[in-house]
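Report on the structure given below.
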Amino acid sequence: MDGILTLLIFVVFVYLMMRFGCGAHFIHGKQCNHSPKHLKNEKEQRIDPVCGKSVDATQGYAKLHGDDTHWFCSRACLDEFEAHPSQYASMTPEV
């Protein structure tokens with residue numbers, strides 16, 4: 001019984017950390033507050049390879065593909081890229 005209680009406490013702890021802690025950026029698609037300082041102050045615009053919209057580098061969604069980071073204006077564009085990465089991977093990831 002002691003092992004089940006320990007496991008239950010561990011599962012609740014992991015859930016809370018993923019939901020409200022630094023792991024929350026994985027769930028919500030946001031950057032963690034512990035990201036490098038150059039990303040926090042960066043005001044450069046990136047181009048979404050799916051729809052062609054301009055995306056602020058500190059907002060939106062990012063996906064590392066090969067050696068390039070691609071920025072997306074919405075989750076829908078990110079999902080489209082993940083479905084067909086070879087179609088969009090050849091496009092320039094930044095302005």
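Need one number: nm distance between label points at Phe13 and Ala83, each 7 Å from Cα along Cα→Cβ, rounded to one decimal.
4.1
According to a simple spin-label model (label point 7 Å from Cα along Cα-to-Cβ), what is the distance in nm between Leu5 and Ser74?
5.0
Quick note: the coordinates plus some simple rules give every number you see, no bench work behind them. This is a predicted model, so every value here is computed, not measured. We place every Cβ from the backbone using ideal geometry, glycine too, and count neighbours over all the protein chains shown.
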